[in-house]
Amino acid sequence: MEKRDTLIEVRNLKKFFKIGDNTLKAVNDLSFEIKRGETLGVVGESGCGKSTAGRTILRLYEPTAGDVLFEGQSVMKLNHQEMKAMRRNMQMIFQDPYASLNPRMTVGDIIGEALDIHGLASGQKRKERIQELLSLVSLNPEHMNRFPHEFSGGQRQRIGIARALAVEPKFIVCDEPISALDVSVQAQVVNLLQQLQEKMGLTYMFIAHDLSMVKYISDRVAVMYLGKMVELADSEKLYEKPLHPYTQALLSAIPIPDPEVERKRERIVLQGDVPSPMNPPSGCHFRTRCPKAMPECSAVEPVWKEVEPGHFAACHLYN
Amino acid sequence: MERILEVKDLHVSFHTYAGEVKAVRGVNFHVNKGEAVAIVGESGCGKSVTAQTLMKLIPMPPGEIKKGDIIFNGESIVKKSNKEMEAIRGKEIGMIFQDPMTSLNPTLTVGNQIMEGLIKHQKMTRAAARARAIELLTMVGIPQPEKRVDQYPHEFSGGMRQRAMIAIALACSPKLLIADEPTTALDVTIQAQILDLMKDLQKKTGTSIILITHDLGVVAEMCDRVIVMYAGKVIETGTVDDIFYNPQHPYTKGLLRSVPRLDLKRDEPLTPIFGTPPDLLRPPVGCGFTARCESAMRVCQEYDPELKEISSTQRAACWLQHPLAQNRAGS
């Protein structure tokens, strides 16, 4: 892989929510980089903070602490006006293709709104640009006057992608873009995302819980658990040689569509549920479900460490 | 082998303002005693409607069983009255739904919901039913069952709610368990727990299972046989090995190719199935898959293929299986 420069740098990012007298530490001290042109996959179970992390990086949520640098420039210090300009660089594709498109707007206006806000095109040029974007995502440009309900789930997700691409962003956070789609349609959308990346040099942060799809689409994969990152590595490496016991359990839990493999497989089944993020266990958050937990796991929080070149993990087994 | 369930030429339609939606169009299959059978297919292929019809849970009207028969344990279900069905639901056939939050009653304790069936069907006293409910909660792996039995569904996590639902479904030891996407709403590590539990319980109780899912991985792990549905019809059936290693129908092949496997390299593109399923308001005359099929021929548009025997265990509905098309199938 050629040397790529850093597009996004996340530094000690924290996002806490106040709920009554309690604090929910949704994202607790994340630090990582995303290189230009790469796809970083983020996986974890519900409530691990992966979506909050994506939204906080785009500053859809104001962070509690920490910073995000886009091409070296701090995103969190920008004022309202500067932030608006910054949003042209960073866009988002949402999970639910039914809820994320305004049912009262035509597809043309949904995509055109982005052009209007940033003053990118008007009149005939606006129409041409909308049609160009629709054909880019393999939709019929003549359908720009239709409403979202006239499209299928996969087609709506394409509309969401066209809207994100309207402002020619460099970085897109894809928050579970395929989870709501049927298997045969998922592959269409993933192939489209990859073609667009190649054509336009896009950088993706791909949030999902489907580990086989994440492995397929990502250059590197990060695993989150209760607001913390527990492991980060090249996708091949992470799946071949997972270091953290949570990653190992997560990988072993995916059912593989091959009966022969399934018959022979020994699976690590974790006991119990994910603890409440409101009141996570002391020390390592995973220790209550970890098959390899040691006494020190409850006392000391493991440090985030580069165990092998490019392979990070936070676990006492590697200290 | 003894058949616990047989579905014969089942047609189910829904009458809507737009017209008649032919959701299930002539489905045939059977389930043997102690067997786990998967029904797979995309949203709208009729798999859930088929399952709900087995329990006569579809609202009628707008739903209607147009034609066909369902034989459960030697008796036809189709003509049974609602009253007679109540003796079967929960007692003979148990059901697990996809979303445990909306299918449990939020105003009743979990214990009461398990006890309901026991008191109604097995004429147990409240005290005996409660003791049995605690036993069932222990069996499905819920910690502190004596305390949990008096709690409400909102006090349970997603995985625990699904366990509670399994406990309700199994309370009266049904002969058949229908699980409609039982793990789709759950995280993978919790899914692994629930699948383990279902396999374990099946071994212990010998219940037959119909598992409805779109996750081919879950099928490979759980099931003995597979029924593939498309546009309201069964297009292929076989053992898991038949379907995964020797699929015959282009749709089954496409479905298997469109899931990324962990050993797939990044530079190989996924092979999606282009297009979308047909509108069942106006179902196609010929094979429902024609418009999306790479090997479609003219006959496919005009005549619907019938399920044809491939081996003693496998059948497929595709014109490529016709002797005249055999040289095409190879290419």
Within region B:259-266, can one find any residue that is more than 12 Å from chain A (Cβ to nearest Cβ), assigned to a loop (DSSP other than H, G, I, E, B) and open to solvent by less than 20 Å² (accessible area, probe 1.4 Å)? no
Which one of B:Leu137, B:Leu176 is surrounded by 19 or more Cβ atoms within 10 Å (Cβ to Cβ) and either among the acidic types (Asp, Glu) or touching a residue at least 40 places away in the same chain (Cβ under 8 Å) (or both)? B:Leu176
Report, by residue number, each residue of region A:116-155 that is open to solvent by less than 60 Å² (accessible area, probe 1.4 Å) and touching a His at 6+ places or on another chain (Cβ under 9 Å). A:Leu134, A:Phe151
Selected residue (criterion: surrounded by the most Cβ atoms within 10 Å (Cβ to Cβ)) from residues of region A:61-96 that are in a strand (DSSP E or B) and in contact with a Gly (Cβ under 9 Å, 6 or more places away or on another chain): A:Ile93
Do we have B:Leu270 as under 22 Å from A:Met213 (Cβ atoms), free of Cβ contacts under 8 Å to residues at least 60 places away in the same chain and of a type in the set (A, V, I, L, M) here? yes
Just for region B:166-220: of the residues that are of a type in the set (Ser, Thr, Tyr) and within 14 Å of chain A (Cβ to nearest Cβ), which one is nearest to the chain's Cα centre (by Cα)? B:Thr213
Scanning for something among the aliphatic types (A, V, I, L, M), in contact with a Lys or Arg (Cβ under 9 Å, 6 or more places away or on another chain) and more than 14 Å from B:Ile210 (Cβ to Cβ), does region B:13-32 turn up at least one residue? yes
Filter region B:194-224 down to residues that are of a type in the set (D, E, K, R) and in contact with a helix residue (DSSP H, G or I) (Cβ under 7 Å, 6 or more places away or on another chain) and give me whichever is least open to solvent (accessible area, probe 1.4 Å). B:Glu221
Take the residues in region A:157-184 that are open to solvent by 20 Å² or more (accessible area, probe 1.4 Å) and at pLDDT 90 or above; name whichever of them is nearest to the other protein chains (Cβ to nearest Cβ). A:Arg158
Can you tell me how many residues within region B:11-45 are open to solvent by less than 50 Å² (accessible area, probe 1.4 Å) and closer than 21 Å to B:Asp224 by Cα? 14
Looking at (1) out of contact with any Leu (no Cβ under 7 Å at 6 or more places or on another chain); (2) among the aliphatic types (A, V, I, L, M); (3) at the interface with another protein chain (Cβ under 9 Å from one of its Cβ atoms), can you tell me which one A:Met224 breaks? (3)
Selection from region B:99-118 of residues that are of a type outside the set (Gly, Ala, Ser), surrounded by fewer than 19 Cβ atoms within 10 Å (Cβ to Cβ) and closer than 29 Å to B:Val78 by Cβ: B:Asp99, B:Thr102, B:Asn105, B:Glu116
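The values are calculated or read from the model by the stated rules, or taken from the named source; none is laboratory data. Everything numeric in this text was worked out from a predicted model, so none of it was measured. All Cβ positions, glycine included, derive from the backbone under ideal geometry; neighbour counts span all protein chains shown. These accessible areas exclude ligands, DNA and RNA; they are computed on the full protein's heavy atoms, side chains included. Shrake-Rupley method; radii C 1.70, N 1.55, O 1.52, S 1.80 Å.
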